[in-house]
Amino acid sequence: MAEKFVVPEADASGRFGEFGGRFVPETLMAPVEELTRAYAKARADASFRRELHELLTTYAGRPTPLTEARRLSAELGARIFLKREDLLHTGAHKINNALGQVLLAKRMGKSRVIAETGAGQHGVATATAAALMGLPCVVYMGSVDIERQALNVYRMRLLGTKVVAVESGSKTLKDAINEAMRDWVANYGDTHYVLGSVLGPHPYPRMVRDFHAVIGRETRLQARKVLGGKLPDLLVACVGGGSNAIGLFHAFLADAGVELVGVEAGGRSAAPGEHAARFGPGRVGVLHGTRTLVLADDDGQILPTHSVSAGLDYPAVGPEHANLAALGRTRYESVTDDEALAAFHALSEKEGIIPALESAHAVAWVLREARKRPGSTIVIGLSGRGDKDVPSVARLEGLEGLAGVAS
Amino acid sequence: MSGRIARAFTRSARERRAALIVFVEAGDPSLEVTQRLLPALAEAGADVVELGVPFSDPIADGPAIQRASERSLAAGTRLTGVLDLVARARAGGLDVPVVLFGYANPVLAMGEAAFASHAAEAGVDGALVTDLPPEEGQAFASTLRATRLDPVFLLAPTSPPRRVKIVGRLSRGFVYVVSRPGVTGVRADVPEGLAELVSRVKAGVGRLPVAVGFGISSPEQVAAVARIADGVVVGSAVVLAMEGAVAAGEDPVAAAAALVRRLAAATGR
């Protein structure tokens, strides 16, 4: 446990090793630089940190508990804990970043915020923060995702946000990001783009990570307390863009003895277009302003992806994850749609916690692997709750009586 | 530096007009159409052709070029096919300068050095990679220069003097000034402050010609920009004219050529 890993930080141009950077059209360079300066200033400002801390504790519900999953632990022969981001206001970790960025937008004097969303959780979180701070908000969402996350679309509308359906490309998260970037490039004078994951041009990957790093800081304290001063052996989190995973991992990166595993969407199969597992088939490329591992064909065209979980259905991964993997500090595995669905049921039945389908991927990997590690202590990042997924799971499983809930 | 681009700007300046730079998407609706299109554009008065390389996620483009890109990809267009097309056009006697215009990922997938040598072999004259700003595109720019290709970079109304200087240093052929914030597309006006922006850029980039694009679509706008810049770029309007012709069962090449003729007639100073 004493062994230390030297944690790489993004350099001035936003590079994590060979990954990251700012691959944006010239028109976006000025807003990206403005944001970089504003964020650096805010981060160094105690009043900003105090204000954010106040919002996180009195509004969002931090700190979130670390719950021991006793029945699963007994069954699997390992001590399994859940970091309960599902208990946060709006139901997922996304609110940590949304509050941070909307607070920053206010400080920057912006009068409008925009966001993209996949599963709808980041859209709901941004809509919530915008309502709280009195800023108009527009959320771009692929029409395929609008279909499968109808409940979150309605929540955003309730919160006073305008949801714009994106009909281009694959009509999912990546296309929603394209559209949000197009809005931002035309309107950056008064608009802040609340990017929802550790993706995009510098400073987003670092800034979004910083806003989520509270997850790991809390986990570290809580784990030491229940483990008699020790750290857990293994942390597991699902990875779409990778915001909840890096948030959980970051406070443990230096502790080389703590194993860190990210779980990607294995989808229906390993065939191109049928999954969203970037590590392995992914190649180094550029998407949405950052150089990272990307699912693309031989010609550099971005491949369609599939996951039962809209939040993991994205062809690239955050550059910091790509770098940590290259350095051997983290490792990435995948589970299939079916495994995730089985875990969705298992956690519901055994612990009374309905996980988001995204988080169910992390649970599924632990269900598969924990028996190989008897007696070890494992923390699962339970990034969100599954209420939003209940209608689509019911529909998938042919429970016709429940299918009407979605409409 | 193949010299074709420089010669095109020298000629238009001598003729006391702006160079007309016409953007079309390669492979929209098919590479066969683009094959016929290139000589037709040159004949109609295009001084430089910007040939779009389709990409699945064109974040800098508005709806017109997005649709063109989707049509091209649906028709199976690949970067290698675009390069072959240019090579065939050159073999057939095409002399108009061709600048490839696209996004980083297809270029990275081929490899920057391989891209540069294949493009040079095919008879391409320059390349503009939208999401490779100077910070990320320095090595690429020198690779291009070493293969006698002109690296073209964008400048925007928000580019500070420092960036204008850097772009002036890295670019060859010409510098492309984005007339306004936002994505490509048809707009009705010419933005206020454009003359000031162009003279600021000219002062920063030395002798490089300065072309203006984004939102320029009508002969009136071309005429207004021609008075202040060395070159005018028209893209979405041409792409839309071709789209309309295809929808009406007419020849997209003839539609593009007809529009380019009207635009070329408006480039005088």
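In the range B:87-106, the residue that is farthest from the other protein chains (Cβ to nearest Cβ) out of those that are free of Cβ contacts under 8 Å to residues at least 40 places away in the same chain and within 19 Å of the chain's Cα centre (by Cα) is B:R90.
Just one of the listed residues (B:L37, B:L83, B:L41) is on the phi < 0 side of the Ramachandran plot and touching a His at 6+ places or on another chain (Cβ under 9 Å), and it is B:L83.
What helices (runs of 4 or more DSSP H) lie completely within the range A:142-199 and have 2 or more residues being within 18 Å of the chain's Cα centre (by Cα), β-branched (V, I, T) and more than 10 Å from chain B (Cβ to nearest Cβ)?
Details: elements: A:143-148, A:150-158, A:173-187.
So the answer is none; nothing clears 2.
Being open to solvent by less than 10 Å² (accessible area, probe 1.4 Å) and assigned to a loop (DSSP other than H, G, I, E, B) is a condition met by at least one residue of the range A:316-325. Of the listed requirements (1) touching a helix residue (DSSP H, G or I) at 6+ places or on another chain (Cβ under 9 Å); (2) open to solvent by less than 50 Å² (accessible area, probe 1.4 Å); (3) closer than 23 Å to B:F214 by Cα, B:A116 misses just one: (3).
With respect to the conditions (1) within 22 Å of A:V308 (Cβ to Cβ); (2) in contact with an Asp or Glu (Cβ under 7 Å, 6 or more places away or on another chain); (3) crowded, with 24+ Cβ neighbours inside 10 Å, A:Q121 falls short on a single one, namely (2).
Sub-9 Å Cβ pairs linking a first residue in the range A:271-287 that is more than 12 Å from chain B (Cβ to nearest Cβ) to a second residue that is open to solvent by 20 Å² or more (accessible area, probe 1.4 Å) and among the basic types (K, R), at least 6 apart or interchain, are A:E274/A:R268; A:H275/A:R268; A:F279/A:R331, ordered by first then second residue. Just one of the numbered conditions (1) more than 14 Å from chain B (Cβ to nearest Cβ); (2) among the aliphatic types (A, V, I, L, M); (3) buried (at least 23 other Cβ atoms within 10 Å of the Cβ) is not true of A:L103: (3).
Kindly provide the set of residues from the range B:169-204 that are in a loop (DSSP other than H, G, I, E, B), open to solvent by less than 10 Å² (accessible area, probe 1.4 Å) and touching a strand residue (DSSP E or B) at 6+ places or on another chain (Cβ under 7 Å), ordered by number. Give the steps one after another, and end with the answer.
Taking the range B:169-204 first, the residues in a loop (DSSP other than H, G, I, E, B) are B:171-174, B:179-185, B:187-193.
Now drop any that are not open to solvent by less than 10 Å² (accessible area, probe 1.4 Å), which leaves B:171, B:174, B:179, B:182.
Across the range B:169-204, the qualifying residues are B:S171, B:F174, B:S179.
Taking every residue in the range B:125-150 that is farther than 22 Å from B:F23 by Cα and of a type in the set (V, I, T) and pairing it with any residue that is open to solvent by less than 10 Å² (accessible area, probe 1.4 Å) and not in a strand (DSSP E or B), at least 6 positions away or on another chain, the pairs with Cβ-Cβ distances below 7 Å are B:T143/B:A116; B:T147/B:A116. Every test in (1) open to solvent by 10 Å² or more (accessible area, probe 1.4 Å); (2) more than 26 Å from A:R15 (Cβ to Cβ); (3) touching a Phe, Trp or Tyr at 6+ places or on another chain (Cβ under 9 Å) is passed by A:T57 save one, and that test is (3).
So which of B:L73, B:L149, B:L154 is at pLDDT 95 or above, away from chain A (no Cβ under 14 Å) and either under 25 Å from A:E179 (Cβ atoms) or crowded, with 24+ Cβ neighbours inside 10 Å (or both)? Steps first, please.
Values: B:L73 fails: away from chain A (no Cβ under 14 Å); B:L154 fails: away from chain A (no Cβ under 14 Å).
One residue alone meets the criteria, B:L149.
The values are calculated or read from the model by the stated rules, or taken from the named source; none is laboratory data. All values reported here derive from a predicted model rather than from experimental measurement. We place every Cβ from the backbone using ideal geometry, glycine too, and count neighbours over all the protein chains shown. For the accessible areas, the whole protein counts, side chains as well, though only heavy atoms, and no ligand, DNA or RNA atoms are used. Shrake-Rupley method; radii C 1.70, N 1.55, O 1.52, S 1.80 Å.
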